[in-house]
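Working notes for the structure below.
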Amino acid sequence: MSIFLDKNSKVFVQGITGAEGSYHTGRMLAYGTNIVGGVTPGKGGQKTEHGLPVFNTVKECVEATGATHQCIFVPPAGAADALFEAYEAGVRFAVCITEGVPVHDMLRVVGATPGMRIIGPNCPGLISPGKSSIGIMPGHVFKEGNVGLISRSGTLTYEVVDGLTRAGLGQSTCVGIGGDPIIGTTFVDCLREFKNDPQTQAVVICGEIGGSDEEDAAAFVKEHMAGTPIVAFIGGRNAPPGKSLGHAGAIISGGFGTPESKIKAFQAAGVPVADRPSEIPGLLAQRMAVSV
Amino acid sequence: MSIFLDKNSKVFVQGITGAEGSYHTGRMLAYGTNIVGGVTPGKGGQKTEHGLPVFNTVKECVEATGATHQCIFVPPAGAADALFEAYEAGVRFAVCITEGVPVHDMLRVVGATPGMRIIGPNCPGLISPGKSSIGIMPGHVFKEGNVGLISRSGTLTYEVVDGLTRAGLGQSTCVGIGGDPIIGTTFVDCLREFKNDPQTQAVVICGEIGGSDEEDAAAFVKEHMAGTPIVAFIGGRNAPPGKSLGHAGAIISGGFGTPESKIKAFQAAGVPVADRPSEIPGLLAQRMAVSV
Amino acid sequence: MNLMEYQGKELFRRCGIPVPRSQHCKTPDEVAAFIEKNPGKWVVKAQVLMGGRGKAGKIKFATTAEEGRKVAQEIMATPMPPNRQNPSGEPIHSVLVEETLEVALEAYTAISVDRTTKKPAIIVTKFGGMDVEEVHEKHPESFATFFVDTAIGYSPFIGRELAFKTDLDAGYRKQFPAIVAGMYDLFFKYGAKLVEINPLVLTKDGRVIAADAKVEIDDDALFRHPEFKDWQQVLPLDEDETLATQAGLGIRNFRRFGGTVGTMANGAGLAMGTMDAVKNAGGEIANFLDVGGGANAERVRSCYELVVNHTGAKVFFVNIFGGITRGDEVAKGIVEALKTTKSRKIPLVIRLTGTNEEEGRRILADAGMTPVETMDEGAKRAVELAASGVSS
Amino acid sequence: MNLMEYQGKELFRRCGIPVPRSQHCKTPDEVAAFIEKNPGKWVVKAQVLMGGRGKAGKIKFATTAEEGRKVAQEIMATPMPPNRQNPSGEPIHSVLVEETLEVALEAYTAISVDRTTKKPAIIVTKFGGMDVEEVHEKHPESFATFFVDTAIGYSPFIGRELAFKTDLDAGYRKQFPAIVAGMYDLFFKYGAKLVEINPLVLTKDGRVIAADAKVEIDDDALFRHPEFKDWQQVLPLDEDETLATQAGLGIRNFRRFGGTVGTMANGAGLAMGTMDAVKNAGGEIANFLDVGGGANAERVRSCYELVVNHTGAKVFFVNIFGGITRGDEVAKGIVEALKTTKSRKIPLVIRLTGTNEEEGRRILADAGMTPVETMDEGAKRAVELAASGVSS
């Protein structure tokens, strides 16, 4: 098993003929992702350079291919539209890679697509190593195994995974949930899935300063996953308060969102917080040894 | 049993201190309806002439009284707001008596309140005879029994029920669904409930020209209620085409909506269509005798 | 409330839907003055609510000021010819002077309210510029409909999906989703029940333009748009509607049919049922009249005079089944009407039941009147009285 | 993008939120001319983004034209005093001349984005006119929040519920729901992340008026509002933001901290992680720099020059973990930067892995550079180099 995504998940790419869409479609195919087609309005009936069918609309694509997983590479102005189009066509799983989606578009999308699982936006996607990858993660860093990983950051995720893989700790599924203020899938949403996934034996949570997702995750772990080996990391601990560094979501505001608040929450849930990414594999191995 | 409403349903009245709201609250109480309070913003803390508590908001009312059934007597401009307020306060059953609610307000309400059962607007309400009544129906016409009744019209309903009662055919629940283009509850919604209600042994459907609710009801009967004694009536059969008579919904448009289309649909479902309201009791008694 | 073309196009403009350059003119002189200042090839169109302007010769072309004045005079000289639904035709008070388009293709698109799905429905066919019902008969397969989830609202994929599904020419594609966005915006912002563009023109130089505009505003939403007050006044009511308004009724609550049995009931359903009952009893209906819910004595009196003075009724069948309407109020109104009216008197048949029926019956009894028991009985008696011509 | 008071109030006006009568003036002469024509008691307020105008003496009263000129001169003569977040203060380019209100009560209301519920949050307290965080510390129980279901949108009951729950004075009640409606409208229509009214004044004559306006627009939504272009130009960028923009980066992608280890990474998370790593290795950070996803050679070159020329970096730690960013592009950029730059040269520590890492490493090797293997190793080496001052 794994969560959200496996070998059989039928993936289609929205914006498949764009530069990014086309490039990463090739990389996903190379990783083994079961991509069945793509959508670019006006290019319906054509084939991509990879030989995949292109459709004018998501509806046509879904009807012709049975695709269930959407991967979005469209410009920010079209991201909400792409998600709504997929929702109306019956798609219930989407990964939105696009960066710079207006926060109000996501407020509208999240409020009007009940039952749809959206990863992102502004995220690197997700990967179930050895099975399938949706998004832009560099596949060769990952290794199949039993550690679930959730991260708000993209590149920091690769850093952490690299460490896990080098330490022999393979992954079940790694989800980059994105760093925007409004995202479709939170830490808690993923933890709920990992809890029920037989393949996943341990979890790494890569948080960031800002927001309260980490605090919520800590509360969930405390209540529902007390026995599971979990290690957390909080990025941006040396960012000065009141300064917004890159991610719009990483703005420290009020008491919540500070590194201290998050670390305290995780400690209260019995989750050790690594001081640096390179400490994660060691801490996790320790916890896993104890729990075995 | 009965559908939607029984002796224990806790009802609150929105607009309870207005002229109509107050008058009909008194009549409902007299019928035996379990009214637990009402809402009028700015009059919270007062008591009505009937001794019922008044609240400023639905939330306060629901929290204090445990009310589950909303009855709306507010002006058209406030009807959608009242429904949204109830929805957000957790209420999942509402009866909107108000006439003249903008059709777009109902489009918005129906689209954004999944799981809420709304009767109306522009309807007389519903009654489970001998148990409880919500709305403005004249209680003394009704009699407890096993005939379910659904009607798009208000006063025509009383006419039909009067005939049933005089013929000794009591009713389980009578629902006036309202004659507007967009209503919360259709014939089919009610049929689905009647189908599962042990008290209901037969059904009368009082339709009108215009729209396709009757055709949909006939299709539902054909598929799911073939064994149940059902009689239909279509009001406005002598209305000239293209003229809109009173109910905005009763505009004949296209092939659907004509009396002929509706009668044909019911006949195809094995449902006799009475030529006049006074024929209904006889036709129904016949069918019930056969089915027993 | 139906809007005229120039009003619909004004709303189109406000919502970003491209329309031809135009000028609304109330006199032939204004037309001439406009063309004088703006040389070119213009089309002059009568501003009326009735359809069939082209066939009636109410759309003409003009290239000079003098020609503009002449065709405007011709157009406005006579009203639109009558048809079954508008027996007195429709006077023409103004014209729209509009740029002529170099038409390459004509499509059709509309938004209306769908009762079955309870959603706004967007309808498209690539066959525009014709009577849409005729197109639907000939090419039903050419239509595509999208039912909009109002929680989501309009999103451009809807326009794209419709364009691809109906095989709209590629020339439309880029602009079409934005045009539908404008229509959807108008639909909710102004409480429209229908927004129709027929034809939606693709010009030879690649522009997509709404060449006509048909907009119906929900009367129940007019209170939100006091700005429509001015427009409302220019729309001609027909005679029945005018009478209804004068009697304090909604414009759709009164309609005449030429028979001899006058009717009045509370509620549209019962009013239609009353007409059915009269028909079933072999009578000819003089009118439909829904006195509305919660009618008071004064309203009942004005309705009595309306039927007596303005229809061919030889008898007046009053059929009240009280719910929100109270029997005592209706009875009081009837008694007072008979007492104070200066109109001719005709026989009354009264059926009064429901809320406060005992008190109502008592009031009638005190005035020497005996109501009938059932609707069928009342209809029968009314038809007999109409036939016999006997006074009550 | 934060708006100034006068800009926020212009949006308030467009959305039907009552604001005091006012005039935006760019010079003391304009102030004098306005008061000359409009006698009365006016308040002159500096238009800046920084808070604390009152304490800084940048809000003054005037009843005559001469007085208006004088106070405007005083206000505009000096910039807003610096604070920790705005070390260079803020120049004052204009003032708002506004009617003075007869204040009876002051409340507070705002709409912002709530990450946890993923909904717009409407916040109210009856204690307005003060620093809201201080109010929250002293009277946390005075606050009420409503999380709006975007599928429903704003409906007046929300305003009523908040008013009753926070015990807003009855004088507010009638107007409050419509004011929140305007705020919600503004929030979505203009893509605001924050709409704040502090104070929301109840005047002695019973009007409810937004006496101040704080609006933050989502930068990601600015493409929908080209009309904000003009306003954007008057907003002062701080020095770091200006440098970021010049280097082709987002305004939040570069920040200086005064240390000696320059950093650059792809992605904000990794960039923050890189700073953490330098800190952990005992170094002082010169800067935060997120080169962004999909950076090309040209971008890498401009970032190199930005760090070398504008920070106190003695070493430059480049940390790339490629996903959407390709290692070969970054390597090309570094090589080219070193080849073409006329800036001073400092030691480079490069960590390059992920997408196309082999090709990137080959390009670096061809140029005589050897990347480090891990982030921690890179940080350690960079800190050592910064301490030793050795050139690479």
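Quick notes
- Looking at C:T263, C:T353, C:T340, just one residue is at pLDDT below 90 and in contact with a Phe, Trp or Tyr (Cβ under 7 Å, 6 or more places away or on another chain), and that residue is C:T353.
- Residue selected from the stretch D:130-150 under the condition touching an Asp or Glu at 6+ places or on another chain (Cβ under 9 Å) and either at pLDDT below 90 or part of a loop (DSSP other than H, G, I, E, B) (or both), by the criterion farthest from A:F84 (Cα to Cα): D:M130
- Candidate set from the stretch A:79-98 (those that are within 13 Å of chain C (Cβ to nearest Cβ) and among the aliphatic types (A, V, I, L, M)); member that is farthest from the chain's Cα centre (by Cα): A:A89
- Qualifying residue in the stretch D:155-170 (condition: within 12 Å of chain A (Cβ to nearest Cβ) and either crowded, with 19+ Cβ neighbours inside 10 Å or of a type outside the set (K, R) (or both)): no
- Count of the stretch B:20-39 residues which are over 14 Å from C:G323 (Cα atoms) and out of contact with any His (no Cβ under 7 Å at 6 or more places or on another chain): 10
- Selection of the stretch C:248-286 for residues being among the basic types (K, R), within 7 Å of chain B (Cβ to nearest Cβ) and either closer than 19 Å to C:P347 by Cα or in contact with a His (Cβ under 8 Å, 6 or more places away or on another chain) (or both) yields only C:K279.
- Complete set of residues in the stretch A:175-218 that are part of a helix (DSSP H, G or I) and within 12 Å of chain D (Cβ to nearest Cβ): A:F187, A:V188, A:D189, A:D213, A:E214, A:E215, A:D216, A:A217
- Failed item in (1) within 20 Å of A:D275 (Cα to Cα); (2) over 16 Å from the mean Cα position of the chain (by Cα); (3) at pLDDT 85 or above; (4) more than 10 Å from chain D (Cβ to nearest Cβ), with A:G168 passing the rest: (1)
- Residue under evaluation C:T109, criteria (1) free of Cβ contacts under 8 Å to residues at least 60 places away in the same chain; (2) closer than 28 Å to D:I152 by Cα; (3) out of contact with any Pro (no Cβ under 9 Å at 6 or more places or on another chain); (4) not in a loop (DSSP other than H, G, I, E, B), criterion not met: (1)
- Filter pass, B:H24 being buried (at least 22 other Cβ atoms within 10 Å of the Cβ) and either farther than 18 Å from D:I158 by Cα or touching a Leu at 6+ places or on another chain (Cβ under 6 Å) (or both): yes
- Number of the exception - D:G368 against (1) over 21 Å from A:S278 (Cβ atoms); (2) touching a His at 6+ places or on another chain (Cβ under 9 Å): (2)
- Extreme residue, farthest from the other protein chains (Cβ to nearest Cβ), among residues of the stretch B:131-152 that are touching a Ser or Thr at 6+ places or on another chain (Cβ under 9 Å) and in a loop (DSSP other than H, G, I, E, B): B:K131
- So A:V110, is it closer than 22 Å to C:F147 by Cα, within 9 Å of another protein chain (Cβ to nearest Cβ), in contact with a helix residue (DSSP H, G or I) (Cβ under 6 Å, 6 or more places away or on another chain) and not polar (S, T, N, Q): no
- Sole residue being in contact with a His (Cβ under 7 Å, 6 or more places away or on another chain) and either basic (K, R) or not assigned by TED's automatic domain parsing to the domain that holds C:T109 (or both), chosen from C:S88, C:S94: C:S94
- Within the stretch A:174-211, the residues that satisfy the criterion of being under 22 Å from A:P114 (Cα atoms) and small (G, A, S) are A:G176, A:G178, A:G179, A:G184.
- Whichever residue in the stretch D:336-355 is surrounded by fewer than 19 Cβ atoms within 10 Å (Cβ to Cβ) and farther than 14 Å from D:F316 by Cα and, among such residues, is farthest from the chain's Cα centre (by Cα): D:K339
- Yes/no for A:S172 being more than 22 Å from A:G100 (Cβ to Cβ), outside any helix (DSSP H, G or I), among the polar types (S, T, N, Q) and touching a Lys or Arg at 6+ places or on another chain (Cβ under 9 Å): no
- Subset tally (residues that are outside any helix (DSSP H, G or I) and either surrounded by 19 or more Cβ atoms within 10 Å (Cβ to Cβ) or touching a residue at least 24 places away in the same chain (Cβ under 8 Å) (or both)) for the stretch C:12-38: 13
The values are calculated or read from the model by the stated rules, or taken from the named source; none is laboratory data. Keep in mind it's a predicted model, so treat the numbers as computed, not measured. Every residue, glycine as well, gets a Cβ built from its backbone with ideal geometry; the counts of neighbours run over all protein chains shown.
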